[in-house]
Amino acid sequence: MQEKWGIGNFGQPIDLPIFLFIYLSAMESPSKLRQPHLLISSEKIDRRTFLQKSALSLSGVSLLGSLPFSSQAEDLNDYPFTLGVASGEPLPDGIVLWTRLAPKPLEGGGLKDQEIEVYWEIASDPEFSDIVQHGTELATKDFAHSVHVEVAGLSPSSYYYYRFKTGEVVSQTGKTKTAPALGSDLAELKFAIASCQNYSAGLYTAYDHMVKEDLDVVFFLGDYIYEKASGANALRKHLPDKEIRSLEDYRIRYAQYKSDPSLMAAHAAFPWIVVPDDHEVKNNWGGDGPPYDDNASFLQRRSVAFQAYYEHMPLRKTSIPEGIAMRVYRKFSFGNLAEFSMLDTRQFRTDFACSGNWEENCAARFDPGRTMLGEVQENWLTENLSQSACTWNILGQQVRMAQVGRKMDGTIKYAADSWDGYAATRNRLMSSIKDNQVKNLVVLTGDSHKNWVNELRLNPDDPQSEVIGTEFMGTSISSAGDGKEFSDIGLELMEINPDIKFYNEQRGYVVLVAKPDELRADFKVMPFVTLPDAPIHTIASFIIANGIAGLSPSNRDTATTVAQALV
Ligand code: FE
Ligand code: CA
């Protein structure tokens, strides 16, 4: 059941993930699904009840019959798939399948030291009547009983369904999709960017809307967890309710976030490509330390934070941390249409310019000896871009690339944590894109908890300077709470920085559709996230035409109109 990767097939709605179906059968009422703690509360799902009910609801489907039983059922007295399933790293012939066995996710997982065999299978249909591959993976305590299956030998541009089993228990079903064949013609790629999901600040309603989109892939651009204790006004209390530092702490925090049914559903619905930002370790960290030193053993903390990140993400084994290092910069191609260079702007950067906050135009910003990407990654990126044969050359990364000055204390200041603090690296990148005639540069960014559209100039201080590309910055899923449509700050920023074409402070995500002739970005926002069931709407759309850097001229007028209407 292979479907070609093209326009004609995108009208097909994504089914409600089958795992919801299973859960709804196993639980008493659908409303309980909205309660994040249900799955891990004391009313744990009795395994036999779960099996009876799920088998009942799936009667007629040879669910369990196709799965071999392992001898380790006695180790799993509670439902182990409390954190759902996920897929990621789509290649034309492969995908990563993820799950973690955690019958007691908020108590460290609930498993002892034993190794547990996890059976997996991947099929071309949701009923698993056409299983294309299967196998077993060992879940060990070293990786918190997570499994990362690297499936190869699949067909390009194809939907697949997958699930896991251990003991007698079967996981939810996830749906995923492989990338198109390398270099092949592709009529359309539809994807979303998301970032910044502070669990204590708001609900994950955005994902309830996202699962209804017909996306090929989701990019998560950082701040998957937040490391702090919950604030006094926390909507949902962080666990453990303190700043996390140990591996055990980070594991519990990930488990808490991933126990959210809306987030689980979004992972089960699409393949994800993820990169971390600062809060997966510590606020505003960079290189070997945070900008302010409150912890002598920062590198030890960074290594356990990386470890927990890998354990909970559908990453390839090439991203397994080695000590304090983790490889997350990598490239993805979708036919001849789009190439994504996923960047790591944290691990290899030199220490902050000036004092590390909003600063005046200090000389260190332009010091060519300071770096945002490190030499190896910068060379890798430059090579990717100069050799790309794809129409759209896209960077997926963490912090704002566009220069943004802000009037503070009577002077213009720049954020040292963003690319403004590493202007020399940005200048080198922009020059190399121009010199190598890289087509259609689009930068996708998270971090700021706001929606922005920024045009990137060769020299951001010269309005006559050439536009090199466009940056779409996506707002947060929940961080910073409800947000607002209108902001005086937005007006002020756009006055000082005319290359900002759009600014908004509501929560949501951005859907992008790349086609051979144009790329469109729809900014989707919600009026609130501190109460359930917020509706979502597209507040603004922007178009880039193939071959014209920056917003298309007609769209630029529209953009300005939209921006003016907002302010
Ligand atoms: Fe954030
Ligand atoms: Ca951040």
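The values are calculated or read from the model by the stated rules, or taken from the named source; none is laboratory data. The structure presented is a predicted model; accordingly, all values stated were derived computationally and were not measured. As a convention, Cβ positions derive from the backbone with ideal geometry for all residues, glycine included, and neighbour counts pool all protein chains shown. Note: accessible area is taken over every heavy atom of the protein model, side chains too, but ligands, DNA and RNA are not part of it. Shrake-Rupley method; radii C 1.70, N 1.55, O 1.52, S 1.80 Å.
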Query raised in the report: Would a scan of the stretch 381-394 turn up a residue that is out of contact with any Pro (no Cβ under 9 Å at 6 or more places or on another chain), within 13 Å of residue 344 (Cα to Cα) and away from ligand 2 (no atom under 16 Å from the Cβ)?
Result: yes
Query raised in the report: Is it true that some residue in the stretch 273-296 is closer than 20 Å to residue 195 by Cβ, more than 16 Å from ligand 2 (Cβ to nearest atom) and in contact (Cβ under 8 Å) with a residue 24 or more places away in the chain?
Result: yes
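Okay, residues lined up against (1) among the hydroxyl-bearing types (Ser, Thr, Tyr); (2) under 22 Å from residue 191 (Cβ atoms); (3) buried (at least 19 other Cβ atoms within 10 Å of the Cβ):
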| position | (1), (2), (3) |
| --- | --- |
| 351 | no, no, no |
| 354 | no, no, no |
| 363 | no, no, no |
| 369 | no, no, no |
| 377 | no, no, yes |
| 400 | no, yes, yes |
Query - Given (1) under 16 Å from the mean Cα position of the chain (by Cα); (2) in a loop (DSSP other than H, G, I, E, B), index of the condition residue 267 fails - result: (2)
Query raised in the report: Quick one: what pairs do we get from the stretch 472-489, first residue more than 19 Å from residue 511 (Cβ to Cβ), second near ligand 1 (Cβ under 10 Å from one of its atoms), C-beta under 6 Å, 6+ apart or different chains?
Result: 479/196; 479/198; 479/201; 479/449; 480/449; 481/201
Requested in this report: Kindly state which strands (runs of 3 or more DSSP E) lie completely within the stretch 471-557 and contain at least 1 residues that are of a type in the set (Val, Ile, Thr) and within 16 Å of ligand 1 (Cβ to nearest atom).
Outcome: 500-514
**Report entry** Selection count, the stretch 195-210, where residues are away from ligand 1 (no atom under 11 Å from the Cβ) and open to solvent by less than 20 Å² (accessible area, probe 1.4 Å)
**Finding:** 8
Query raised in the report: Where residues in the stretch 414-449 are of a type in the set (D, E, K, R), buried (at least 21 other Cβ atoms within 10 Å of the Cβ) and outside any helix (DSSP H, G or I), which of them is farthest from the chain's Cα centre (by Cα)?
Result: 417
Report task. Identify all residues within the stretch 275-332 that are open to solvent by 50 Å² or more (accessible area, probe 1.4 Å), in contact with a Ser or Thr (Cβ under 6 Å, 6 or more places away or on another chain) and modelled with pLDDT of 95 or more; write none if there are none. Result -> 327, 331
